[in-house]
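Student: If you scroll down you'll find the structure; I have some questions about it.
Derivation of every value follows stated rules applied to the coordinates shown; laboratory data play no part. Everything numeric here is computed off the predicted structure, so don't read it as measured data. Cβ coordinates were reconstructed from backbone atoms using ideal geometry, including for glycine residues, and neighbour counts include every protein chain displayed.
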Amino acid sequence: MSNRPGYVIRDQYACYFVTFTIVGWIDVFSRKACKGIILDALCYCRKHKGLHIHAYVVMESHLHLVLSAHPSSKGLSAIIRDFKKYTAKQIIEWASTSSQESRRDWMLLVFRHFGKRNKRNAKFQVWKQDNRPKELFYPKFTAQKVNYIHQNPVAAGIVDHAEDYLHSSARNYAGRDDCLLEVELLDF
């Protein structure tokens, strides 16, 4: 996904830690509607594109995930590309039409600014292009990344306990039944 050495998805069906970040670190996901766009798209990719979601957290301006792709799918890079393309369109549409969003004009200005600087975009850019994928070869490294994901809201001071954060797979790993998204738990 990135041109930088060491940050590419080499094995399309292996398990990876990835981060998706909104350009300019705009806190788009402080809005419930935008969190819903992300969760709905992840659910769709899981059900229809062969995405395996092992861990996730939706923070205000970025997502951390541990993902893999089913062998019958087109591979993780294609799924991520489709996910980011679709969610970018949905976020732009939301920002363009939301009469309740006080920052609407500013957000569209920032998305347009980044879009103009990137030849790959027609008009707007919502996501940074570098996902910094890290293949998870070893159980200890995998456990470290899953823990990092789940502790993100704690480190940000949003909750005291990881499983109390609604938009995270920490609830799944804690065995709670009030999870927003189905994930495939990893056994370290």
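Student: Roughly how far apart, in whole Å, are the Cα centres of segment 78-153 and segment 7-55?
Tutor: Cα centroid to Cα centroid, the span is 8 Å.
Student: Another question, then. Once you sort the root eigenvalues of the Cα gyration tensor of segment 75-165 as a ≥ b ≥ c, which label holds: rounded (a/c under 1.5), prolate (a/b larger than b/c) or oblate (the other case)?
Tutor: Numbers: a/c = 2.71, a/b = 1.46, b/c = 1.87.
Oblate shape, in that a/c is at least 1.5 and b/c is the bigger or equal ratio.
Student: Can you tell me the Rg and Dmax of segment 112-188, counting just the alpha carbons, in angstroms?
Tutor: That works out to 16.7, 45 Å for Rg and Dmax.
Student: Now for a separate question. Pairs of Cα atoms under 8 Å, at least six residues apart: use those to get the relative contact order of segment 122-188, whole percent.
Tutor: Over segment 122-188, the number comes to 20 percent.
Student: If one takes the longest principal axis of the Cα atoms in the chain, at what angle in degrees, from 0 to 90 and to the nearest 10, does the Cα axis of helix 76-97 lie?
Tutor: Computed tilt is about 40 degrees.
Student: Further question: What angle do you read, to the nearest 10 degrees and between 0 and 90, between the alpha-carbon axis of helix 32-48 and the longest principal axis of the chain?
Tutor: 50 degrees
Student: Here is a further query. Choose one answer from 115, 50, 175: the residue with the largest mean-square fluctuation in a GNM of the chain with alpha-carbon springs under 10 Å.
Tutor: Largest GNM mean-square fluctuation: 175.
Student: Does segment 1-82 classify as rounded, prolate or oblate by the C-alpha gyration tensor (a ≥ b ≥ c root eigenvalues; a/c under 1.5 gives rounded; else a/b over b/c gives prolate, otherwise oblate)? Intermediate results must be reported in sequence, preceding the final value.
Tutor: Numbers: a/c = 2.29, a/b = 1.33, b/c = 1.73.
Oblate is the answer for segment 1-82, as a/c is 1.5 or above yet b/c matches or exceeds a/b.
Student: What full-extension length gain, to one decimal in nm, is calculated for residue 10 and residue 116 as 0.36 nm per residue of separation minus the Cα-Cα distance?
Tutor: That works out to 35.2 nm of additional length.
Student: By the gyration tensor of its Cα atoms, with a ≥ b ≥ c the square roots of the eigenvalues, what is the shape of segment 144-188: rounded for a/c under 1.5, prolate for a/b over b/c, or oblate?
Tutor: Verdict is oblate for segment 144-188.
Student: Could you work out how far helix 104-116 tilts from the main Cα principal axis of the chain, as a 0 to 90 degree angle to the nearest 10?
Tutor: Tilt relative to the chain: about 80 degrees.
Student: Still on this structure, I have one more. Taking H as built 1.01 Å from N, whose amide H comes closer than 5 Å to the amide H of residue 55, not counting residues under 5 places away?
Tutor: Residues meeting the criterion, in which the H sits 1.01 Å from N, are 66.
Student: Over the chain, what is the relative contact order in whole percent, taking alpha-carbon pairs under 8 Å and six or more residues apart?
Tutor: For the chain, the relative contact order is 29 percent.
Student: Still on this structure, please answer the following. Show me the ranking of peptides 148-160, 76-88 by mean Cβ neighbours inside 10 Å, starting with the highest.
Tutor: So the peptides 148-160, 76-88, ranked by packing, come out 76-88, 148-160.
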